[in-house]
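Peer 1: Got a structure here, written out as structure tokens. Questions coming.
Coordinate-derived values only; no laboratory data. Everything quoted here is computed from the prediction, not taken from an experiment. Cβ coordinates were reconstructed from backbone atoms using ideal geometry, including for glycine residues, and neighbour counts include every protein chain displayed.
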Amino acid sequence: MSLGTVTPILRLFDETMTREFYVDFLGFQVDWEHRFEGNFPLYMQVSRDGCLLQLSGHFGDCCPGAAIRITTTDVDAYQAELLAKEYRHARPGVTEAPWGGREMSIQDPAGNRLTFYNRDPEISA
């Protein structure tokens, strides 16, 4: 028996702002989209490298304001990439965490907090 990876589901409200944030700013790609009918809420998956996120406009799937942590091999390089885009809604900074390591937190348009951090090589994944 073994467990697999976790795919968080995050709430979305504004589809245009959500795409701008995840695709244009963070550099994720849209893997797929689903609607039960033409005017129903959007459910979609975005990914970048090994990170998968699902975003839902459906009431009851999840609550806005979630917090997730995403490992990265170089949070400082990712920050430089993001700052170069001059995104009007965020200029994320990198900080030293009190427990060690470097991390960068950003809120998406629905108020979900994504924290990107350097994985500690001393700790197995």
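Peer 1: What ³J(HN,Hα) values, in whole Hz, does the Karplus curve 6.51 cos²θ - 1.76 cosθ + 1.60 give for segment 52-60 when θ = phi - 60°, with x put for Gly and Pro?
Peer 2: 10, 10, 10, 10, 10, x, 7, 4, x
Peer 1: Right, here's the next one. Fewest Cβ neighbours within 10 Å first, please rank Arg48, Arg69 accordingly.
Peer 2: Values: Arg48 16, Arg69 12.
Least to most surrounded, the residues fall as Arg69, Arg48.
Peer 1: Also, I was wondering about something else. Within a 10 angstrom radius of the beta carbon, how do Arg119, Arg19 rank from fewest other beta carbons to most?
Peer 2: Details: Arg119 14, Arg19 19.
Placing the least packed residue first, the sequence is Arg119, Arg19.
Peer 1: Right, next: Can you give the calculated 222 nm mean residue ellipticity of the chain, where each DSSP H run of n ≥ 4 adds -39,500 (n - 2.57) and the sum is split over every residue, rounded to the nearest 500 deg cm²/dmol?
Peer 2: Numbers: 2 runs with 15 residues, N = 125.
So the calculated ellipticity at 222 nm is -3000 deg cm²/dmol.
Peer 1: Where does each of Trp99, Trp32 land when they are ranked from fewest to most other beta-carbon atoms within 10 angstrom?
Peer 2: Details: Trp99 7, Trp32 10.
So the residues, fewest neighbours to most, are Trp99, Trp32.
Peer 1: Kindly give Rg over Rh for segment 9-118, based on alpha-carbon atoms, with the Kirkwood expression for the hydrodynamic radius. Kindly include the intermediate steps, with their values, before the conclusion.
Peer 2: On the way: Rg = 14.3 Å, Rh = 14.6 Å.
Looking at segment 9-118, the ratio lands at 0.98.
Peer 1: For the chain, take the longest principal axis of its alpha carbons; what is the angle in degrees between that and the long axis of helix 75-84, to the nearest 10 within 0 to 90?
Peer 2: 60
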